[in-house]
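Each remark here refers to the structure printed beneath this line.
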Amino acid sequence: MASQALTLLLLLLSVTALSDAGSIGVNYGRVANNLPTPDKVVELLKSQGLNKVKLYDTDATVLTALANTGITVVVALPNELLASAASDQTFADNWVQSNISKYYPATKIEAIAVGNEVFVDPKNTTKYLVPAMKNVHASLVKFSLDSTIKISSPIALTALQNSYPSSAGSFKPDLVEPVIKPMLDFLNQTGSYLMENSGLVDTGNGLKYYSLFEAQIDAVFAATSALKYGDVKMVVTETGWPSIGDENEIGASEANAASYNGNLVRRVLSGNGTPLRPQDPLNVYLFALFNENQKTGPTSERNYGLFYPNEQKVYDIPLTQEQLKRGQSTPVNGNTSQVPVVGEVSKTSVGQTWCVANVNAGDKKLKAALDYACGEGGADCSPIQPGSTCYNPNTLEAHASYAFNSYYQKKTRAVGTCEFGGAAYVVSQPPRYGNCEFPTGY
């Protein structure tokens, strides 16, 4: 996701695949070295009632784990393959055979995202987009998959020339003829549909917008209508909010993330559309499933996740109709070990974070990382020695968490200082083990 706190993407998929009620899915990114195995991820998705997932590739282990689960999947052909897919039908055929038909129908692949944010790709792959989409679709036809698997491409809102007021939404002129119109025409021909937040009144049509999220969606609707493709449906393939950010990322906080995503889920599951298209249900993929510790950029980039790598919630929000009915809506962290605060939103200031042990890494890896932190790493491990203030609880997890956090704070919470080869991760609530207080600086 881009460095801004919020980025909305559009993906065009099949109208027939849209349900009558709004739906919530999640983006499963894997730019990290401390995530659960795909099998465990599938169990997590099922336990949370999430039955729609979007991937950024066609990883064999992930697609195999998703087989026979009933979870629908959007996969991706990455930007670096666009040129080959556009210029060589045989390449597209082989890619579809190896990455799609091999797994379908056991794995319920419903769409292929050809490229990602291609219009802002620094490698200038825009010219390959529509030809690649057409060739991949032709391959689906060869394997008799075109009626069940749709083709599209996520585009960033930066493709818009105007987005306010929503009724004046329009695409950038330099994109319209070369790529936007051909893409929309392709979507119409193949039966595909288009995938894309705070009290604004649109002076162009008088409709009132209570969120910029809705206003931005309707700006895209207006832009497509202006090109005579107003019947194209839409799915939001990325939207989210970071729970932690750098000191200059003012809006990045656990409370704001819980508020944004929690309210969005309620909005989507209410079944209503946007002011411009009230009868069209909202279909949204939240960004993202996990915090991903190897993503580059500001701190927020690594902290969009709904879950920590240990599968504990970063904050507690409803994700299904059933959870909404149960009143599961408290925007707080549900972790009762590493991040135990329950019942209130963190009052921690922006940028204040801690480093804790990832128990899923296993005892051997935790012990080796603990030895490094307390030895060569220079962490202050005197408080976890026998008789000292943080010796109890006398567990590997508690001692490793203290040592990892000491190292992390001594390194001024710099990027990469809370990894330990996947044995640790960053949290935004103060860890609590017994009566031990974890430092936030030295």
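Treating each Cα of the chain as one equal point scatterer and applying the Debye formula with no solvent, the log10 of I(q)/I(0) at q = 0.07 Å⁻¹ comes out as -0.37.
DSSP beta bridges fully contained in the chain are about 45 percent antiparallel. Rolling a 1.4 Å probe over the heavy atoms of the protein chains gives the chain an accessible area of 40 Å² per residue.
A simple spin-label model places the labels of N248 and D280 3.7 nm from each other, with each point 7 Å out along Cα-to-Cβ. Using the Cβ-Cβ distance between K172 and E80 with R0 = 22 Å, the FRET efficiency computed as 1/(1 + (r/R0)^6) comes to roughly 0.35. Converting the Cα gyration tensor eigenvalues of segment 221-309 into ellipsoid dimensions via √(5λ) gives semi-axes, longest first, of 30, 15, 12 Å.
Helical runs assigned H by DSSP (4 residues or longer) give the chain a calculated mean residue ellipticity at 222 nm of -8000 deg cm²/dmol, each run adding -39500 (n - 2.57) before division by the residue total. Cross-link partners for K228 among the lysines, with Cα-Cα distance under 20 Å and sequence neighbours closer than 8 places in the same chain left out: K172, K181.
The values are calculated or read from the model by the stated rules, or taken from the named source; none is laboratory data. These numbers were taken from a predicted model, which means no experiment stands behind them. Note: ideal-geometry Cβ built from the backbone for every residue, glycine included; neighbour counts use all protein chains shown. Surface areas here come from the heavy atoms of the whole protein model, side chains and all, with no ligands, DNA or RNA. Shrake-Rupley method; radii C 1.70, N 1.55, O 1.52, S 1.80 Å.
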